[in-house]
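Visitor: I am attaching a structure below and will ask some questions about it afterwards.
The values are calculated or read from the model by the stated rules, or taken from the named source; none is laboratory data. Please read all numbers here as calculations on a predicted model, not as lab measurements. Note that each Cβ is placed from the backbone with ideal geometry, even for glycine, and that neighbours are counted across all protein chains shown.
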């Protein structure tokens with residue numbers, strides 16, 4: 001496992017989140033990328049409840065992850081994945097065509113697929129009791145289903161979006177993995193198999209374990 | 001104006017969209033980037049109503065823009081902006097810190113700000129008559145307002161997100177410009193001034209004119 005308190009790459013993550021969010025906070029993405037290439041990283045854990053004031057200077061909305069890579073500060077997990085991809089061709093190919101495919105799919109995950117899952121998360125969890133959420137749910141799941149049908153067609157019989165495994169898959173697998181509960185993957189076996197292929201990778205499992213290990217116990221149980 | 005039918009960079013755009021969408025289709029972003037650096041481009045115009053079947057092989061959801069840059073195919077305007085940024089430091093600085101700032105802000109536009117505007121577009125236009133949209137509108141505008149408050153704070157007194165003008169501003173200005181109608185900008189003068197600064201650039205105006213010139217007349221009026 002590449003966590004190392006002296007590593008010059010430091011990932012900021014939360015020290016506690018509610019149960020439903022554990023294993024899904026987006027520092028999982030850079031952790032996964034680091035595990036894939038054996039790049040050591042350290043963590044800075046901050047409170048999600050009382051976010052340090054100086055954190056907003058690094059991340060406009062107080063979110064995680066942010067990284068400090070030997071003095072270089074970045075926010076947004078997509079930008080961080082791109083930065084980590086530049087370090088190793090196993091994450092981002094060096095040839096022009098391969099790079100173009102990966103960045104196209106990387107933005108597809110962040111801008112064409114994840115926004116629908118933000119809405120689904122709202123409807124299914126954060127606003128679940130609200131009248132608008134109940135009324136919105138059917139059309140939203142239909143729209144998301146159509147989006148995923150096209151994604152499944154585009155993936156075709158390939159194992160990974162851009163040919164070889166890449167940062168685009170780290171993004172898309174972690175986006176699609178949030179679809180639990182809505183049957184969206186169960187109805188699309190090739191996408192379900194894609195997500196399973198991603199989450200079965202030892203690097204994903206190590207990243208997941210590392211995120212979970214960093215959470216303090218639930219304060220209610222303390 | 002750098003449109004040139006023989007240019008090796010070809011941008012695919014729609015040949016017609018309804019009035020409310022004119023000037024807002026996202027091929028505006030690569031057009032703007034090309035205008036900033038004087039990079040000639042040609043256009044391939046396709047129908048938004050009957051999208052050619054082969055277009056889905058280039059863009060999983062049949063959207064625009066896609067580009068063909070001398071044989072290199074890409075989709076997703078964010079990835080295309082990044083690709084164009086690699087051509088000229090006026091769009092994407094060459095130093096490590098500058099590049100990190102620009103890519104962080106580029107993904108912020110695509111993943112932290114634009115998803116809320118997708119929802120607003122839905123509530124204000126596409127689903128405007130639906131009961132869920134009426135019920136959802138107040139909380140959505142409140143969430144978007146909070147997101148923009150933080151953005152305004154993060155922009156501070158700078159002219160551009162990452163210091164100098166960059167592809168991050170092309171993305172964020174075109175995202176924020178979609179806020180018309182919801183008063184979100186009017187309430188935040190520094191953000192409104194930022195959008196005004198962006199849309200006043202000659203390159204933006206040229207890109208806008210070029211997109212508008214490519215639309216066929218409304219079939220109703222034909």
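Visitor: Just to be sure I understand, how many residues within the stretch A:177-201 are without any contact (Cβ under 8 Å) to a residue 12 or more places away in the chain, over 18 Å from the mean Cα position of the chain (by Cα) and under 22 Å from residue A:164 (Cα atoms)?
Guide: Count: 1.
Visitor: Next question. Can we say residue A:154 is assigned by TED's automatic domain parsing to the domain that holds residue A:100 and out of contact with any strand residue (DSSP E or B) (no Cβ under 8 Å at 6 or more places or on another chain)?
Guide: Taking the combined requirement at face value, the residue satisfies it.
Visitor: I need the full set of residues from the stretch B:62-103 which are within 17 Å of residue B:174 (Cβ to Cβ), more than 7 Å from chain A (Cβ to nearest Cβ) and part of a loop (DSSP other than H, G, I, E, B), in order please.
Guide: Once the filter is applied, which keeps residues that are within 17 Å of residue B:174 (Cβ to Cβ), more than 7 Å from chain A (Cβ to nearest Cβ) and part of a loop (DSSP other than H, G, I, E, B), the stretch B:62-103 yields B:63, B:64, B:65, B:91, B:92.
Visitor: So which residues in the stretch A:8-37 are in contact with a helix residue (DSSP H, G or I) (Cβ under 9 Å, 6 or more places away or on another chain) and part of a loop (DSSP other than H, G, I, E, B)?
Guide: Those that are in contact with a helix residue (DSSP H, G or I) (Cβ under 9 Å, 6 or more places away or on another chain) and part of a loop (DSSP other than H, G, I, E, B): A:15, A:16, A:22, A:23, A:24, A:25, A:26, A:27.
Visitor: Here's another thing I want to ask about it. Of A:86, A:76, which residue is touching a helix residue (DSSP H, G or I) at 6+ places or on another chain (Cβ under 8 Å) and either touching a residue at least 40 places away in the same chain (Cβ under 8 Å) or closer than 22 Å to residue B:111 by Cβ (or both)?
Guide: A:76
Visitor: Let me ask you something else. What are the residues in the stretch B:97-132 that are more than 27 Å from residue A:116 (Cβ to Cβ) and in contact with a strand residue (DSSP E or B) (Cβ under 6 Å, 6 or more places away or on another chain), if any?
Guide: The answer is B:100, and nothing else.
Visitor: Follow-up question, since we're still on this one. Taking the stretch B:32-44, which residues are touching a residue at least 40 places away in the same chain (Cβ under 8 Å) and over 10 Å from residue B:10 (Cα atoms)?
Guide: Passing the criteria: B:32, B:33, B:34, B:35, B:36, B:37, B:39.
Visitor: While we're here: Checking residue A:56 against (1) at the interface with another protein chain (Cβ under 8 Å from one of its Cβ atoms); (2) buried (at least 21 other Cβ atoms within 10 Å of the Cβ); (3) closer than 20 Å to residue B:104 by Cα, which single condition isn't satisfied?
Guide: (2)
Visitor: Same structure again: Tell me which of these residue A:13 doesn't satisfy, since it passes every other one: (1) away from chain B (no Cβ under 14 Å); (2) surrounded by fewer than 20 Cβ atoms within 10 Å (Cβ to Cβ).
Guide: Status for residue A:13: all satisfied but (2).
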